[in-house]
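What follows is calculated from the coordinates using simple rules that are stated; it is not laboratory data. None of these values were measured; they are calculated from a predicted model. Every residue, glycine as well, gets a Cβ built from its backbone with ideal geometry; the counts of neighbours run over all protein chains shown.
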Amino acid sequence: MIAYLDLPAGLSGDMFLGCLVDAGLSLEDLKVALATLSMPDGSWSLRAETVMRGPMRATLVSVEISEDASHRSLSDIRQLIESSRLPMWVQAHAIATFARLATAEARIHGVPVEKVHFHEVGALDAIVDVVGAAMGLYALGITTLYASPVPLSHGWTDSAHGKIPLPAPATLELLAAAGAPTVPGPGPGELVTPTGAALLAQFATFVQPAMKLARIGTGAGLRDPAWPNVARLWLGEDGDEGGFVEIETNIDDMNPELYMAVSQRLFAAGAKDVWLTPIQMKKGRPGVLLSVLAPASLEASMAESILRETSTLGVRVHAVHRHEAEREFRSVQTAYGPITVKLKRLEGAVVAAMPEFDDCQRAADEQNVPVRTVYETALAAGQALLTPP
């Protein structure tokens, strides 16, 4: 599934969560996932309500925290996330989002990244926003996120460092690093927060895709200005008439340690799949066949990424097409804790439920039981979600 963030009034972390919940993300499942973070009991809560923003109905997700005066570093936040039972994909993207924030703050204040101590964006509500957004994309099965140009406006706001101009310096740094297109905002004030900008920089490609629409999620901002303060998440399937391309290249002279980073870059740029195949090349040299499946509209950017990130001098491109089942992620309760399962849907019916192995492995390590035991328990729990024939 792909999604497009339509941003007529900007974006904040809670607006993003509102879009995801309005689009079908279970608030209870999200709470269960966030509860695996080592945050003090009673220090945070999450609630959703339907509100009106101008003539439009939207979902407002509110993150409420008790007093939190902590100034966390990037390493503090990384440790908090890595010690959770969140899926590895969620952990990796949440940490990468905070790394982007740390890099922006380091540029602004002229200090090394490891010396940055977050103030507003290191508070518990920002952590819930970032981790919740990553978990929401994962749970809804959104493999590629696109976004509209970003509306920016003028004004001033208060920060831990005193009054600062809008857009906030961190917001500008993040959007500049991502090469985000911008447009004038509908009015004055902070339309895009640093958290919102970091989420866009981490997850979004700034183009509008051809897509077959399935449903729309509308998230509300906390303020209610003269214009509808909403963001809209369009969900659906890739409708690009160009279909898909498979891009491949043979490599025999690159450090194997680099392939993981190359794969991550290609996935972040919109690849549907990336895989490696061992091959034998001329003169008997062992090599690697790097293959990428991507929408045809991204052929040029994918080829450019491969040429830039690897040692190859050229790539081959083949047109392909595919048939795809709809997927969704749910959390199921087991005797070993919550485990994420991937649901396979055909014509709306849930026909299969498979546990996420990383979740099972983590739970098995914590409970000191065989991973097979956890997997089979989660598989049995997942069967209860199947649609009866």
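Descriptive notes on the structure:
- In order through the stretch 224-232: 3J(HN,Hα) via Karplus (6.51 cos²θ - 1.76 cosθ + 1.60), integer Hz, x for Gly, Pro: 10, x, 6, 10, x, 8, 9, 10, 10
- Working note: Karplus 6.51/-1.76/1.60 with θ = phi - 60° gives the stretch 87-104 the couplings x, 4, 4, 5, 4, 4, 6, 5, 5, 5, 5, 5, 5, 4, 4, 5, 4, 5 Hz, where Gly and Pro are set to x.
- Charge-dipole axis of the chain as Lys and Arg at +1 and Asp and Glu at -1 on Cβ define it, positive-most pick from LEU258, ALA378, ALA106: LEU258
- Farthest positive-ward along the chain dipole, Cα basis, beta-carbon charges - from ILE142, MET302, VAL128: MET302
- Above-threshold pairs, the threshold being 23 Å between Cα atoms, out of LYS31/LYS212; LYS212/LYS344; LYS31/LYS342: LYS31/LYS212
- Using Cβ point charges alone (K and R +1, D and E -1), the dipole size of the chain about the Cα centre works out to roughly 520 debye.
- Take the chain and mark each of the GluC sites (Glu not before Pro) that is in a DSSP loop with at most 11 other Cβ atoms within 10 Å; the longest unmarked stretch, sites excluded, is 68-240.
- Remark: the stretch 200-217, residue by residue, has Karplus-estimated 3J(HN,Hα) of 4, 4, 6, 10, 9, 10, 8, 9, 9, x, 6, 8, 9, 5, 10, 7, 10, x Hz, where x stands for each Gly or Pro and the curve is 6.51 cos²θ - 1.76 cosθ + 1.60 at θ = phi - 60°.
- Near LEU166, the amide H atoms lying under 5 Å from its own belong to GLY155, TRP156, THR157; only residues 5 or more places off or on other chains count, and H is placed 1.01 Å from N.
- The mean sequence distance of close C-alpha pairs (under 8 Å, at least 6 residues apart), as a share of the length of the stretch 120-229, puts its relative contact order at 30 percent.
- The separation of the stretch 13-89 from the stretch 333-389, counted between C-alpha centres, amounts to 23 Å.
- ALA226-THR182 FRET efficiency (beta carbon distance; Förster radius 22 Å; 0.05 resolution): 0.60
- The slack in the chain from LYS31 to SER301, taken as 0.36 nm per residue of separation less the alpha-carbon distance, amounts to 93.5 nm.
- Long-range HN-HN contacts of GLY236 with modeled amide H, under 5 Å: ILE2, ALA214
- Rounded to the nearest 500, the 222 nm mean residue ellipticity of the chain from helices alone is -10500 deg cm²/dmol, with -39,500 (n - 2.57) taken per DSSP H run of at least 4 residues.
- Result for the chain in a Gaussian network model with C-alpha springs under 10 Å: among ALA204, ALA139, ALA335, the largest mean-square fluctuation is at ALA335.
- Near PHE244, the amide H atoms lying under 5 Å from its own belong to ALA296, VAL320; only residues 5 or more places off or on other chains count, and H is placed 1.01 Å from N.
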